[in-house]
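Visitor: Before anything else, here's the structure in question.
The values are calculated or read from the model by the stated rules, or taken from the named source; none is laboratory data. Bear in mind that the values here come from a model prediction, so they are computed numbers and not experimental data. Cβ: placed from backbone, ideal geometry, glycine included. Neighbour counts: every protein chain shown. Accessible surface is based on the protein model in full, side chains and every heavy atom, while ligands, DNA and RNA are left aside. Shrake-Rupley method; radii C 1.70, N 1.55, O 1.52, S 1.80 Å.
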Amino acid sequence: MSDKPLLTHATETIEAGSKSFATASKLFDAQTRRSALMLYAWCRHCDDVTDGQTLGFKAADAPTDTPEARIALLRALTLEAYAGKPMREPNFAAFQEVALEHQIPPALALDHLEGFAMDVRDERYRTFDDTLRYCYHVAGVVGLMMARVMGVRDEAVLDRACDLGLAFQLTNIARDIVEDAAIGRCYLPEAWLQEEGLRADTLTDRAHRPALARLAARLVDEAEPYYTSAHAGLAGLPLRSAWAIATAHGVYREIGVKVKGAGVNAWDTRQGTSKAGKLALLAKGALMAVSSRGASSSPRPSALWQRPRAQDDRYARATPPAA
């Protein structure tokens, strides 16, 4: 294992990989922040390993194995972490501490790895439900794991945490349509593309920007009910955690608003939130967190996508007994 302390390693990872979440994470209490950062470091590491990257950028040395082999290794190391085996790789040592301390079900971690496997398989997304299924694996399940780090065990609150992950990923897809297309990936439903007379392999053509702007706006609009549902889950979180999540909620939602507002120019520069904007959203997040105390929560709309249940049963045979 690296001599660098796990928290230092995780902090450096998030500051390089996600400035938006790095800002929000500073609002957690010390122990929750430690676990959140180390969980993020594992998620980032698995994403990078799958793509042969470092913190989202091309690695200096090209990997010599296949993406399928890398996914298999990540799964094996994840199961070893759950089995309590000593972990030499710092990101897995960090994950082991978080997963065992907060009793994160192994199925959630394996579900997250399945999201990377979907990319490796070049999965196709025929319908919007198919896109939401991908969003669940790469982001909704992260919301579930993060909620457990914050002490949540109530299934209704976990549903709201998953919804926030779905909303985040829909926003990311809208922001990154052209960037993703440049590397041969498309998460837009094929049915939507057909309505616009588009194909996945033509999305980088600037002539299609008006159609892309309509599709991005559609994604941003589809994210709104999930942001609304996630807001209702703040009451189930400790106050400081609610502040952090409310801030992240605001930052990512604002990115979607900017993508929609920029129209055909949305992909000329990467849409984000300025430092001043983040500070304003920090204050707004505080108000949201405080106002959520004691608030009653209405039932989650049945029309929203339903996350998988009984995750442990689906992976029971794959999980080794603890050492």
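Visitor: Go through region 59-114 and count every residue that is modelled with pLDDT of 95 or more and of a type in the set (Val, Ile, Thr).
Guide: Counting residues in region 59-114 that are modelled with pLDDT of 95 or more and of a type in the set (Val, Ile, Thr) gives 4.
Visitor: Here's a follow-up. Return a yes/no flag: does region 229-246 have any residue that is crowded, with 16+ Cβ neighbours inside 10 Å, farther than 22 Å from GLY184 by Cβ and free of Cβ contacts under 8 Å to residues at least 40 places away in the same chain.
Guide: Among the residues of region 229-246, not one is crowded, with 16+ Cβ neighbours inside 10 Å, farther than 22 Å from GLY184 by Cβ and free of Cβ contacts under 8 Å to residues at least 40 places away in the same chain, which makes the answer no.
Visitor: How many residues, within region 281-308, are under 20 Å from CYS162 (Cβ atoms), over 21 Å from the mean Cα position of the chain (by Cα) and part of a loop (DSSP other than H, G, I, E, B)?
Guide: 8
Visitor: Let me ask you something else. For the subset of region 101-123 comprising residues that are assigned to a loop (DSSP other than H, G, I, E, B) and within 17 Å of PRO67 (Cβ to Cβ), which member is most open to solvent (accessible area, probe 1.4 Å)?
Guide: Going through the qualifying residues, I end up with ARG121.
Visitor: Pairs under 8 Å by beta carbon, first residue closer than 19 Å to MET38 by Cα in region 109-128, partner hydroxyl-bearing (Ser, Thr, Tyr) and open to solvent by 20 Å² or more (accessible area, probe 1.4 Å), six or more apart or different chains?
Guide: Within 8 Å, the pairs are ALA109/TYR82; LEU110/TYR315.
Visitor: If GLU15 passes every condition in (1) charged (D, E, K, R); (2) open to solvent by 20 Å² or more (accessible area, probe 1.4 Å); (3) in contact with a helix residue (DSSP H, G or I) (Cβ under 9 Å, 6 or more places away or on another chain); (4) at pLDDT 70 or above but one, which one does it miss?
Guide: (4)
Visitor: Go through (1) within 27 Å of TYR136 (Cβ to Cβ); (2) open to solvent by 70 Å² or more (accessible area, probe 1.4 Å); (3) out of contact with any Lys or Arg (no Cβ under 9 Å at 6 or more places or on another chain); (4) not hydroxyl-bearing (Ser, Thr, Tyr) one by one and return the number of the condition ARG293 breaks.
Guide: Among (1) within 27 Å of TYR136 (Cβ to Cβ); (2) open to solvent by 70 Å² or more (accessible area, probe 1.4 Å); (3) out of contact with any Lys or Arg (no Cβ under 9 Å at 6 or more places or on another chain); (4) not hydroxyl-bearing (Ser, Thr, Tyr), the lone unmet condition for ARG293 is (1).
A quick yes/no check of all residues on (1) over 22 Å from VAL251 (Cα atoms); (2) in contact (Cβ under 8 Å) with a residue 60 or more places away in the chain; (3) open to solvent by less than 10 Å² (accessible area, probe 1.4 Å):
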residue: HIS137; (1), (2), (3): no, no, no
residue: MET150; (1), (2), (3): no, yes, no
residue: ASP163; (1), (2), (3): no, yes, yes
residue: ASP201; (1), (2), (3): yes, no, no
residue: ARG206; (1), (2), (3): yes, no, no
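Visitor: Follow-up. Mind telling me which of the residues VAL220, VAL251, VAL257 ends up being open to solvent by 60 Å² or more (accessible area, probe 1.4 Å) and farther than 12 Å from GLY165 by Cα?
Guide: Answer to the selection: VAL257.
Visitor: I would also like to ask the following. Report whether or not THR50 is at pLDDT 90 or above, more than 27 Å from ALA289 (Cβ to Cβ) and either in a loop (DSSP other than H, G, I, E, B) or open to solvent by less than 20 Å² (accessible area, probe 1.4 Å) (or both).
Guide: Here the answer is yes, as THR50 does meet what is asked.
Visitor: Something else about it: Given the conditions (1) closer than 22 Å to ALA230 by Cβ; (2) open to solvent by less than 20 Å² (accessible area, probe 1.4 Å), which single one is not true for ARG175?
Guide: For ARG175, the failing item is (2).
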